[in-house]
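Let me begin by presenting the structure, written as structure tokens, before commenting on it.
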Amino acid sequence: MNRASFRAFFHTALIACGLVCPASADEVRVWNFEVCGDASLVAAPAALGPIVIEGARNGVFSGAVAVESKSPIAGLKAVASPLTGPAVIPADRLAVRYAVSWETVGGGPGGLDILLESPPATIPVSKNRALAGVWVSVNVPPDAKAGLYRGTLSVEAEGMPVQSVPVELTVSDWTLPDSQNWRTWVEMIQSPDTLAMEYGVPMWSEKHWALIAKSFRLIKETGSRVVYVPILRNTNQGNEESMVRWVRQRDGTLKPDYAVMERYLDTAQKHLGGIKLVVFYVWDSYLTRSYRGQSYETKPETPGPAMERWELLQKGLTVTMLNEETGRTETGFLPHYTAPESRALWQPVYDELRKRMRARGLEQAMALGIVCDMEPSKEEVRFLHEVSGGLPWIAHSHFSRINNKPLPNTALHGIAGICYEAHAGKAYQVNPEKGRLFGWQVPELRAELNRFNELNGPCLRVRQVPQLNITGRQRGIGRLGGDFWQVIRNNRGQRAFQVFERYPENHWRGLNIGCWFLAPGPDGPVATARLENLREGVQECEARISIESVLVDPEKTALIGADLASRAQKMLDEHQRAVWRSIWSNEEHLAMMGAISGRNTYEAIWGALARAGVPMPDFWAGEARTLRSTEDRKGIEWFVASGWKERTRHLFEIAGEIQRRLK
């Protein structure tokens, strides 16, 4: 039992024994907060009003209230009614969840982030108050009639009478495409090992597969359709086992076993949907021979991590061996790809992989991975290119290798193509009057890799990331952790480490997957407030793309008319300015900036202002850090109170007006 669970259990026991009283009615308050804000930072809540939600057909949209007391809150429960208006949205399309905070050691998300699917027994007091959120999320039917829908959210707790909170949902007359067809790129990675460790279930047991299925269902809602199949073990993603396992037969030969891979892909295709990319994880950083002029083939002189990595490199490719008689697995090694005997081992494997992927309709989705800042040698790339039949690679790195180089390319050593990359350096567009970028139109598949752990931060920043990219030079965002939360505890029982930290030989430093969008619920993974904001941010991007795809086409622009085109562009520009105003408050500075670039928005702003001659402190100086922190806090406060819901409604309304005009 972790500390949070013990604290809740302890408070519940005290309440049951009459030693601690639950909150009384006059102590408990229910008040509204914005889902893109942070209830834990609200010092003076306004009087309770309706939960106001803006939405569109075929999307999911949320609103929330906070429940607060100076004493522990027991018996919290909420029920949503159907929504009535132009038609009825039944109650089974409304999800009620309970937002609670994390307990992690450094780097963990803040605020009321975990969205539990059932109410916790007790909300304990932390920092002089007990605080929880109650979210209501509406899955708007694809055939819903546009208009205003009303219902109630009934909230109760021990010692508090039922509070009936009005719920008001406006459905705009626009229909979102299915998430399978979203054009905003999202890559969210699933971690089988985290789930097995969190819930204490054997790897690849039926209980484990059920947990994996739940993770895939949650990830699906973001539009992500990427699956990784580890061919190596002990990977940078924390995979303890390879999914293609090797059986040593009586005659000493090795036979590949595909059972785990097949079940994993079965689960993904059933619960994730139409897969767009299947990455066979065939290379990792411990295999690096040289990097930036440093050789890793020379034996280090002293013991330590470098020596351990060198010794592992000498052993060859890390794989999982399977004993067919006992079903047990153990660590094993195969010769390096460049060894003379490797072709006889791997050619049949890739022939079989292609055959199996073809049978699933996934042959065109196959790719090799993963190139990071370090990359396989030319000899390794040539070998894998030949045995795989020319499969392209994916890359997760600081820099771009395929800028303006869509497939077919030979970006990797002039031999193999790279079909997708997530990279840390981004290009943004601030002031639309200085030009417009359409990241969703970029021909090569490039996405943001966020390496500053910002996506475990404020919900608003998560919500804005997709738009920052598609109005820049990226098609979306990648290398996001799904269920990559800190599952390994320190000696105090606190969440402190992620699964990949077990394998320092494959540490990627600042490129490790430092964010996660799912959370551990009592019985399996659950969503987070950040996951819901990411989804809503992508849905807004889809509305923007539906509009821009018309505005960049002269024939379609003529069909909708000059007035609607002008109103649409003005609205999109207002959206873009509002995002940047929430990041940097000096509007004179914002007006100066057009296309800017950096590893994050603040680094890009710093560079642009410095080039424009604006005196700025050194980016890493204490003064600069304080300035950025202040701007971030002020910007979020401004945005939350700036009429963002009205802007969202206007976005959906314009998208719908254009959609109808083109019918």
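Restricting attention to the stretch 59-92 and to residues that are loosely packed, with under 15 Cβ neighbours inside 10 Å and charged (D, E, K, R), the residue that is modelled with the lowest pLDDT turns out to be LYS70. Report whether or not LYS405 is of a type outside the set (Phe, Trp, Tyr), touching a strand residue (DSSP E or B) at 6+ places or on another chain (Cβ under 9 Å) and either surrounded by 17 or more Cβ atoms within 10 Å (Cβ to Cβ) or at pLDDT 95 or above (or both). So LYS405 passes the test. Suppose the filter is surrounded by 16 or more Cβ atoms within 10 Å (Cβ to Cβ) and free of Cβ contacts under 8 Å to residues at least 24 places away in the same chain; does GLU588 pass it? No, not satisfied.
When LYS145, LYS214 are screened for being in contact (Cβ under 8 Å) with a residue 40 or more places away in the chain and over 23 Å from PRO520 (Cα atoms), only LYS145 passes.
What number of residues within the stretch 593-618 are in contact with a helix residue (DSSP H, G or I) (Cβ under 8 Å, 6 or more places away or on another chain) and surrounded by 15 or more Cβ atoms within 10 Å (Cβ to Cβ)?
13
Here are SER179, SER126: which of them is of a type in the set (Ser, Thr, Tyr) and either at pLDDT 95 or above or within 26 Å of PRO466 (Cβ to Cβ) (or both)? Just one listed residue meets the conditions, SER179.
Just to be sure before I move on: is GLU27 outside any strand (DSSP E or B) and of a type in the set (Asp, Glu) in the structure I sent? So GLU27 fits the description; yes.
Filter the stretch 427-465 down to the residues that are surrounded by fewer than 19 Cβ atoms within 10 Å (Cβ to Cβ) and in contact with a Phe, Trp or Tyr (Cβ under 7 Å, 6 or more places away or on another chain) and list them by number. If the condition is that a residue be surrounded by fewer than 19 Cβ atoms within 10 Å (Cβ to Cβ) and in contact with a Phe, Trp or Tyr (Cβ under 7 Å, 6 or more places away or on another chain), then no residue fits.
For LEU19, the test of being at pLDDT 95 or above and not aromatic (Phe, Trp, Tyr) is failed. For the stretch 143-164, the candidate set comprises residues that are part of a strand (DSSP E or B) and among the charged types (D, E, K, R); within that set, the residue that is farthest from GLU54 (Cα to Cα) is GLU156.
For the structure I just gave you, tell me whether ASP143 is charged (D, E, K, R) and touching a helix residue (DSSP H, G or I) at 6+ places or on another chain (Cβ under 6 Å).
No, not satisfied.
For the structure I just gave you, tell me whether GLN464 is part of a loop (DSSP other than H, G, I, E, B), in contact (Cβ under 8 Å) with a residue 24 or more places away in the chain, touching a Ser or Thr at 6+ places or on another chain (Cβ under 9 Å) and not basic (Lys, Arg). Considered against the rule, which asks whether it is part of a loop (DSSP other than H, G, I, E, B), in contact (Cβ under 8 Å) with a residue 24 or more places away in the chain, touching a Ser or Thr at 6+ places or on another chain (Cβ under 9 Å) and not basic (Lys, Arg), GLN464 comes out as no.
Does the stretch 593-611 hold any residues that are β-branched (Val, Ile, Thr) and farther than 21 Å from ASN453 by Cβ, and which are they?
So in the stretch 593-611, the residues β-branched (Val, Ile, Thr) come out as 596, 601, 605.
Passing the criteria: only ILE596.
Against the criterion of being over 24 Å from ARG633 (Cα atoms) and either modelled with pLDDT of 95 or more or among the charged types (D, E, K, R) (or both), ALA56 qualifies. Criterion applied to GLN576, GLN486, GLN539 was being out of contact with any helix residue (DSSP H, G or I) (no Cβ under 8 Å at 6 or more places or on another chain), assigned to a helix (DSSP H, G or I) and buried (at least 18 other Cβ atoms within 10 Å of the Cβ), and the one residue passing it is GLN539. For the stretch 498-511, the criterion of being touching an Asp or Glu at 6+ places or on another chain (Cβ under 7 Å), part of a loop (DSSP other than H, G, I, E, B) and surrounded by fewer than 24 Cβ atoms within 10 Å (Cβ to Cβ) is met by no residue. Taking THR648 as the residue in question, decide whether it is at pLDDT 95 or above, among the β-branched types (Val, Ile, Thr) and surrounded by fewer than 17 Cβ atoms within 10 Å (Cβ to Cβ). No, not satisfied. Would you call PHE517 closer than 27 Å to LEU437 by Cβ and aromatic (Phe, Trp, Tyr)? The answer is yes for PHE517. When the residues of the stretch 93-125 are narrowed to those that are over 20 Å from LEU153 (Cα atoms) and of a type in the set (A, V, I, L, M), which ends up surrounded by the most Cβ atoms within 10 Å (Cβ to Cβ)? If we take residues in the stretch 93-125 being over 20 Å from LEU153 (Cα atoms) and of a type in the set (A, V, I, L, M), then VAL125 is surrounded by the most Cβ atoms within 10 Å (Cβ to Cβ).
The values are calculated or read from the model by the stated rules, or taken from the named source; none is laboratory data. What you are looking at is a predicted structure, and each value in this text was computed from that prediction instead of being measured. Virtual Cβ from ideal backbone geometry, glycine too; neighbours counted across all protein chains shown.
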